[in-house]
Amino acid sequence: MALRARRTLVMIEALQLLISGVSTGAIYALAAIGFVLLWQTTGTINFAQGEFVMLPSIIMLAFVLHGGLPLWVAFAVTLVVSGLLLGVAFKVLVVQPMIRHGVLPLVIATIALGIFMREGAKEFFSNEAQPFPMPVPYVVLELGGVTVTSHHLFCLAVAVVLVLALQWFLGGTRTGRSMQAVAQNAQAAEILGIDVKRMVMLTFLVNAALVTVAAILVTPVYLAKWDNGEAIGLTAFIAAIVGGFNQVRGAVLGGVLVGVLENFSAYYISTEYRTAFPLILLILVIMFRPYGLLGRPEERTV
Amino acid sequence: MGTMRWIAGGIFLALLVLLPRELKPYGIFLMSNWVLFCVVAMGLNLTLGYAGQISIAQAGFLGVGAYTTAILTTRFGWDFWLTLPVATGLSFLLGLIVGFPALRVQHHYLAFVTLGFNILIYLVFRNEDWLTGGAFGIFDIPRPGFLGVDMRDPLSFYYLCLVFAALMFAAAWWIVRSPWGRAFAALRENPVRAASLGVDIRTYTLLAFAIGSAFAGLTGAFYASLLEFIDPYPFALEYSLSFLLMVISGGSATLIGPIVGAGMVLLLPEWLRFAKDYYLLIYALLVMVLMAFCPEGMVGLWRRMVAAIGRRRARAPTERPT
């Protein structure tokens, strides 16, 4: 009897970890998708992707605290600001001048950009973690012994809707298909009459939107802090590679996998090494399936 | 050009020897730190610049050497000099292991794997308290004596570091000019062609990592002794990125590039201290500007300038008659 009770308890625990893991994983997936899209269309490996999530959260919070705006209005304004800063300015000022020099200079430049954004947030906003409002009222629901928060469900719902919308956009609309064509072969796309420059710009804007959404979802849990980007960025690109560097679906799978793995290993194995398990997964995947779990080998750009 | 180079080298060496005599202890510390980081960057330059294998784990390798010496000297009472072969050997071995993925993947994939290894190494430093002292680190790491001469004061330790760096520079110079160096370059330029010419790609790829790592590990021993106290933080991922920056900003695949780069990356933030809290902001901005306008680094910039002057000189006489 006691054994059975214990067994159900273990099950409930595992289920709970799974749900919260999937929900954080879904947020990682959003950042990872943006990362993958940038890589596909321009060959940009954005080492500042984590800071790209951190910055909108700080801007949003500044609008809420200093501008007195309600969170959702602040979100809408931040979406525009992100589009300008992380989309247009990033493309024109950082990626465009450097991409022709090859991958390494741009890698270094995005690392420097990450430092720049971190230090900027620390200097001009705050060097301490700030509480961030929940986008939906915080309710704890209980379903058959498993407790779920409204925030987890909200994250999951937003991520699912966004991923489906993105899939539909990329596969079902003319613009989206043009974007994919550019991602696969920019020269051929140009010959076919696709406005490559516009598509590339569009990709940067999509990335800016994705990180802004990721920011509003992740920050209520992580709190708004200038050095948040490190953990988020690392997880996002582990997710991107594990899933397959050239697939939106892959990034989703990777994000969820990493989120769940992190949760389980932290709970059952060791909190100190919680970041180690996704890394080991990363190394194994690169060693044995370098094109990722869902990636196709022929698209490998090696 | 040849004599000019020797003269410039001589002046530089004289500065390295004489300048620290005029500096305060912190200045001497910075100079020591710089000459050591030059060696670490030289090692990465062998892996990245000459052999073309991206490695973002150099700080981790440095840490392995530093912790080896720290643990052996403080816990087991080993003499500093005896720890050197162990530090070198361990980092060489680890470099081999990290090099294995390079046999399967290249470019950005390799960047990610090596970066992953760096974080794993860092996590071990931070979490294995019984071995590394965890976040508190290891205190009272001794400075070595040499043939009975006491090396504990900052200036003589600096000279020790300088001699060490000079020897390692000679080693790097020798490696680059040896058949190994040529094999590395072949590997970088065209692995398939190199293989068809009989270069054993497997061995040389692994060697490129292992030698680069051994440079860092051996330096780690001196670094631990310089700091006299180590904790995990100087061996975190961001410092590997700094070493990468040193090689690229100085000029990769050149012998003096890492020296220039290490100077810039290490000393620039110090000079920017007048900007107080904004110095990292300015620093990051400068790095981006450098990458935008001169991705081949300072040595590349210098060469371009020399070439431009040379062209003007060549043109001048032919223009006169018209």
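The values are calculated or read from the model by the stated rules, or taken from the named source; none is laboratory data. No experiment lies behind these values; they were computed from the predicted model shown. So basically every Cβ, Gly included, is an ideal-geometry build from the backbone, and we count neighbours across all protein chains shown.
So here's what we get for this one:
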read-out: Selection count, region A:99-139, where residues are within 14 Å of B:L285 (Cα to Cα) and either surrounded by fewer than 16 Cβ atoms within 10 Å (Cβ to Cβ) or among the aromatic types (F, W, Y) (or both); value: 1
read-out: Residue tally, condition more than 14 Å from chain A (Cβ to nearest Cβ) and in a helix (DSSP H, G or I), over region B:206-254; value: 24
read-out: Count of residues meeting criterion [at pLDDT below 90 and exposed (fewer than 14 other Cβ atoms within 10 Å of the Cβ)] in region B:147-163; value: 6
read-out: Among the residues listed as A:T24, A:T42, A:T8, the single one being in contact (Cβ under 8 Å) with a residue 12 or more places away in the chain and in contact with an Asp or Glu (Cβ under 9 Å, 6 or more places away or on another chain); value: A:T24
read-out: Among the candidates B:A195, B:A172, B:A208, B:A186, residue that is crowded, with 16+ Cβ neighbours inside 10 Å and farther than 24 Å from B:L36 by Cβ; value: B:A186
read-out: Hits in region B:89-123 - residues which are of a type in the set (S, T, Y), more than 22 Å from B:M168 (Cα to Cα) and either touching a Lys or Arg at 6+ places or on another chain (Cβ under 6 Å) or more than 7 Å from chain A (Cβ to nearest Cβ) (or both); value: B:T114, B:Y122
read-out: Residue that is nearest to B:D129 (Cα to Cα), among those in region B:42-88 that are within 14 Å of chain A (Cβ to nearest Cβ) and in contact with a Pro (Cβ under 9 Å, 6 or more places away or on another chain); value: B:A59
read-out: Total residues in region B:55-82, condition in contact (Cβ under 8 Å) with a residue 40 or more places away in the chain and surrounded by fewer than 23 Cβ atoms within 10 Å (Cβ to Cβ); value: 5
read-out: Close pairs from region B:283-296: first facing chain A (nearest Cβ under 7 Å) and among the hydrophobic types (A, V, I, L, M, F, W, C), partner surrounded by fewer than 20 Cβ atoms within 10 Å (Cβ to Cβ) and not in a helix (DSSP H, G or I), Cβ under 8 Å, at least 6 apart; value: B:M291/A:H101
read-out: Helices (runs of 4 or more DSSP H) fully within region A:130-191 counting 3 or more residues that are of a type in the set (A, V, I, L, M, F, W, C) and in contact (Cβ under 8 Å) with a residue 24 or more places away in the chain; value: A:150-172, A:174-184
read-out: Selection status of B:R152, in a helix (DSSP H, G or I) and not aromatic (F, W, Y); value: no
read-out: Only listed residue being more than 22 Å from B:L244 (Cβ to Cβ) and either at pLDDT below 95 or in contact with a strand residue (DSSP E or B) (Cβ under 7 Å, 6 or more places away or on another chain) (or both), chosen from A:V94, A:V140, A:V81, A:V103; value: A:V140
read-out: Residue ID - nearest to the other protein chains (Cβ to nearest Cβ), chosen from residues in region A:68-98 that are among the small types (G, A, S) and either surrounded by 16 or more Cβ atoms within 10 Å (Cβ to Cβ) or in contact (Cβ under 8 Å) with a residue 40 or more places away in the chain (or both); value: A:G87
read-out: Residue that is more than 18 Å from the chain's Cα centre (by Cα) and in a helix (DSSP H, G or I), where the choices are A:V53, A:V36, A:V73; value: A:V73
read-out: Test: residue in region B:274-292 that is of a type outside the set (A, V, I, L, M, F, W, C), within 30 Å of B:L120 (Cβ to Cβ) and in a helix (DSSP H, G or I); value: yes
read-out: Helices (runs of 4 or more DSSP H) completely within region A:214-302 that count 2 or more residues being surrounded by fewer than 24 Cβ atoms within 10 Å (Cβ to Cβ) and hydroxyl-bearing (S, T, Y); value: A:248-268
read-out: Single condition B:A135 does not satisfy, out of (1) buried (at least 16 other Cβ atoms within 10 Å of the Cβ); (2) within 13 Å of chain A (Cβ to nearest Cβ); value: (1)
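Rundown of residues vs (1) of a type outside the set (V, I, T); (2) touching a Cys at 6+ places or on another chain (Cβ under 7 Å); (3) farther than 23 Å from A:V213 by Cβ; (4) within 14 Å of another protein chain (Cβ to nearest Cβ), yes/no style:
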site	(1), (2), (3), (4)
A:G102	yes, no, yes, yes
A:I115	no, no, yes, yes
A:G120	yes, no, no, yes
A:Y138	yes, no, no, no
